[in-house]
1. Given the options 71, 31, 9, 78, name the one that is crowded, with 19+ Cβ neighbours inside 10 Å and in contact with a strand residue (DSSP E or B) (Cβ under 7 Å, 6 or more places away or on another chain).
2. Would you mind finding the one in 157, 140 that is modelled with pLDDT under 95 and within 26 Å of residue 126 (Cα to Cα)?
3. Of the residues that make up the range 103-116, is at least one modelled with pLDDT of 90 or more, assigned to a strand (DSSP E or B) and either touching a strand residue (DSSP E or B) at 6+ places or on another chain (Cβ under 6 Å) or closer than 23 Å to residue 15 by Cα (or both)?
4. Restricting the search to the range 148-191, which residues are farther than 30 Å from residue 113 by Cα, surrounded by 15 or more Cβ atoms within 10 Å (Cβ to Cβ) and out of contact with any helix residue (DSSP H, G or I) (no Cβ under 9 Å at 6 or more places or on another chain)?
5. For the range 33-75, give me each residue that is at pLDDT 90 or above and more than 20 Å from residue 102 (Cβ to Cβ).
6. For the range 191-198, state whether one or more residues are in contact with a strand residue (DSSP E or B) (Cβ under 8 Å, 6 or more places away or on another chain), at pLDDT 95 or above, in a loop (DSSP other than H, G, I, E, B) and under 19 Å from residue 132 (Cβ atoms).
7. Out of 40, 129, I need the residue that is under 30 Å from residue 198 (Cα atoms), in contact (Cβ under 8 Å) with a residue 40 or more places away in the chain and in a loop (DSSP other than H, G, I, E, B). Which one?
């Protein structure tokens, strides 16, 4: 795999624990080309009421306001950019049991019929098939299987469901948690995540 996109969903910059683990993983993977999409610093296309209504006007061949045309040009460009990568690494902190709102906005921009998926009598076909995704998910709650907070996982489970919907079924994950506690507990969580990232990189490179 030659082109890797790192989608950073944390606005915390160098303090982001999910980003720290993701950067270590990406370095170990050794992709020929790596691009980072910092969602906190990226102007995403607006997917608002006007864009939604404009989609139906475009489909039905009606006149569309130039601003709506520009919005849809931006949406198409965002989807094409995402699909131009072979492997996507997401660093995702947990916010209120789910994902940060900027990541949700990015997902809403990407998940467009005819661009990221198609629907016919046979069902949904994801147009991102053949790509690989790696989820580096962090959080104060330990939602790993078998842990007390597992039933509150609307983060990793949501990301896996969305990726599957657009056709990405080769999905791996590294869990960075719990990130809240004593310094020793947080350090132990980071050490576990780094070790997990190293093992995953070795397996994928092998």
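The values are calculated or read from the model by the stated rules, or taken from the named source; none is laboratory data. Model, not experiment: these values are computed from the prediction. Glycine gets a Cβ as well: all are built from the backbone with ideal geometry, and neighbour counts include every protein chain shown.
1. Checking each option against the conditions leaves just 9.
2. Unique residue meeting the criteria: 157.
3. no
4. 149
5. 33, 34
6. No, the conditions are met nowhere in the range 191-198.
7. Result of the check over 40, 129: 129.
For (1) on the phi < 0 side of the Ramachandran plot; (2) in contact (Cβ under 8 Å) with a residue 24 or more places away in the chain; (3) in contact with a helix residue (DSSP H, G or I) (Cβ under 8 Å, 6 or more places away or on another chain); (4) in a helix (DSSP H, G or I), each residue gets a yes or a no:
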position	(1), (2), (3), (4)
4	yes, yes, yes, no
10	yes, yes, yes, no
18	yes, yes, no, yes
54	yes, no, yes, yes
